[in-house]
1. Could you give the length gained on full extension between Lys39 and Ser392, defined as 0.36 nm per residue of separation minus the Cα-Cα distance, in nm?
2. Which order do peptides 142-152, 269-279 fall in by mean Cβ count within 10 Å, highest first?
3. Any idea how far apart Glu353 and Gln155 come out in nm if each label point goes 7 Å out from Cα toward Cβ?
4. Of the DSSP beta bridges with both residues in the stretch 260-362, give the percent that are antiparallel, rounding to the nearest 5.
5. What nm value, rounded to one decimal, do you get for the distance between Arg51 and Glu108 when each label is placed 7 Å out toward the C-beta?
6. By how many nm would the segment from Thr344 to Thr427 grow when fully extended, if each residue of separation counts as 0.36 nm and the alpha-carbon distance is taken off?
Amino acid sequence: MQKVKRKVSAMGGVLVLGLMMHCASVASNLPDFTQLVEKASPAVVNITATRKPVATLDQNREEVPELFQRFFREYERRSVPRPSTGSGFLISSDGYVLTNHHVVEDAEEIVVALSDRREREAELIGADPISDLALLKIDASELPVVAIGSSENLQVGEWVVAIGSPFGFELSVTAGIVSAKGRSLPDDRGNYVPFIQTDVAINPGNSGGPLFNLEGEVIGINSQIFTRSGGFMGLSFAIPMDVAMEVVDQLKDKGSVSRGWLGVQIQRVDRDLAESFGLERAAGALVTRVFAESPADSAGVREGDIIIEFGGRAIDLSSDLPHVVGRFRAGTKTELTVVRAGDTLELAVTVGELEADRLAASRATEDAPAGNPLGILVRNLSDDERESLGASRGVLVTSVGPGPGRAGNLAEGDVITTINSQWIDTTAEFNGLVNALPTGTALPVRIIRAQQPQYIAIKIDP
């Protein structure tokens, strides 16, 4: 019995020793951020932006009863905005500071607090709302600066570190890994930034702060979080540094940013649409509209083309196209590759310049419904309807009965403009095409809904 106990005790000792050695090995493989933080944190700054106060209610206050004066005082206390805070970092020793546009937007006064407790009032050199970047300048010299890195070779799973001022806690350090690259976020700015997604803890006040790789180089600017509570929930997004420095160069030069424009409206290619267009896989950006006199129009791009490459870069997702086109300067000559009626074509294009009124029109429409026009009634469009519905050609859907059309989410008021890449002007043309459609194969149909064109896939059951 004694021998058994000794044997078990010995085995336990071996297990404990093995576990300790394993833990020590794991700990030795974890990154140490101390030197990185020590070197980089002096160049990280805190930014306070004071905005214009709203009008108060102190007119003839002495004539108001005390009960209502209390109400006015409480209203004024809540109405006058408090200064907002964010983060930023020094990119040059003579005082250029990079931060987010939303940190300093509409600010009447911008104050930059350095890591050594000095404060300087900043001048806004320029801002770019589309990329959410702003360039500031303070009057100082021989300042510490960050090392600028490249986000091009950043890998998913790589360790990254953020330094900023969440909730006003200056020079707070958080770490995590890169969760994804090239993320498009739903917003009204047209998806022109391919965000870096991380699980680094980012909270209000971190905006505009740097995201470092393990070499101590800034590879991103912390900009947004996904949240349902107002705080960090494991998803944070940073602007790639390669994109940011292109913006900085233009802001320094002229205070504004010129961004490439192609002049198409696009949608995602899903499995049904890929089948209907004869693609081997669901990839590319499907053109639903080509704007008149746009670069795409001049290049010969047509509705129904699927853009699979632009400027030598593959377009796998429709959201990739704005990222790629936007980084080209206006006037640049390049090529794009499209799939048209099963053939691959290369087209020469001269990139235009994105303007504010073109941004909303160029925005990609995602998640188009897949439908089938069978089981519907249509009629010709009147001249007034062509103008009000934004459809120069096509037939109007007046009724959707039982059948594939209803199941596919086709709705009354839709305008069908093409079937299988053939344009329709009259009900006679529509009926002729529908009756001649092959069965068992998905075919593309272009419709206009709420003045916005999109494609749906039709598959007629045998």
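1. Here the segment from Lys39 to Ser392 would lengthen by 120.9 nm.
2. By packing density, highest mean first, the sequence is 269-279, 142-152.
3. 4.1
4. 100
5. Label at Arg51, label at Glu108, 1.3 nm between them.
6. Here the answer is 26.7 nm.
Read-outs: derived from the displayed coordinates by stated rules, not from any lab. Source: prediction; values computed, not measured. Backbone-built Cβ (ideal geometry, glycine too); neighbour counts: all protein chains shown.
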